[in-house]
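Bear in mind these aren't lab numbers, they're just calculated from the coordinates by the rules spelled out. Every value quoted in this text rests on a predicted model; they were computed, and no experiment measured them. As a convention, Cβ positions derive from the backbone with ideal geometry for all residues, glycine included, and neighbour counts pool all protein chains shown.
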Amino acid sequence: MNSVAVARYRPADNPFASHRVEGLAYRSKGIHAAALRLRLEETGPRSAIVGPKGSGKTTLLGELASTLPGEPVLVRIEGGCRHPWRTARTQLPRPVTPNHLVLVDGAEQLGPLEWRLLLRATRHARILLATLHRPGLLPTLIECRPDLELLRELVDELTPVDAPTLIPDLEELFRRHGGNIRSCLRELYDVYAGRASVEL
């Protein structure tokens, strides 16, 4: 096999550019945002979207924020944040009212005391929905599980029909990134941008 350099693309033309990836709708085998709204009634006003990195939790949280009735408050806590509770608190309205839908992305960054502070601060919220890597802190609304077929579906959707064949072995890509679909798509961006090479 020869390592073939990929022709360079303008960033905006890259099929795996961030604005294209972020525009993808959440999908999972038979589970859609509309069905999850109904499931929220069963799990109660405090629940979690659970799954590993790159499994679609953030995408799903954003979709729910745009479709649930009420005033959404999206709180983002980036990985490795040094002061996660301080970061979360600055994004919360004061006071949090029964009309607020508090959606916390990256809640696994909070320690036990910080978690209790979050629960107390949002006790009047209509809904508290958080993304977590593992179940247990809140009832699980859905567990996001990335799989190879989902990666293939996303790549097929993003790649133009007339694009040259530049896609590497998706099974190997999925395995190398430990099932993190977001990381797979970032590498594919680099492939199309000419920062990586493809084995043909």
Quiz item: In the stretch 141-154, what count of residues is obtained for those that are over 16 Å from the mean Cα position of the chain (by Cα) and touching a residue at least 24 places away in the same chain (Cβ under 8 Å)?
Solution: 2
Practice problem: Could you check how many residues of the stretch 72-121 are in a loop (DSSP other than H, G, I, E, B) and either in contact with a Ser or Thr (Cβ under 6 Å, 6 or more places away or on another chain) or among the charged types (D, E, K, R) (or both)? | Solution: 6
Quiz item: Restricting attention to the stretch 135-158, which residues are outside any helix (DSSP H, G or I) and either touching a Pro at 6+ places or on another chain (Cβ under 9 Å) or aromatic (Phe, Trp, Tyr) (or both)?
Solution: GLU143, CYS144, ARG145, PRO146
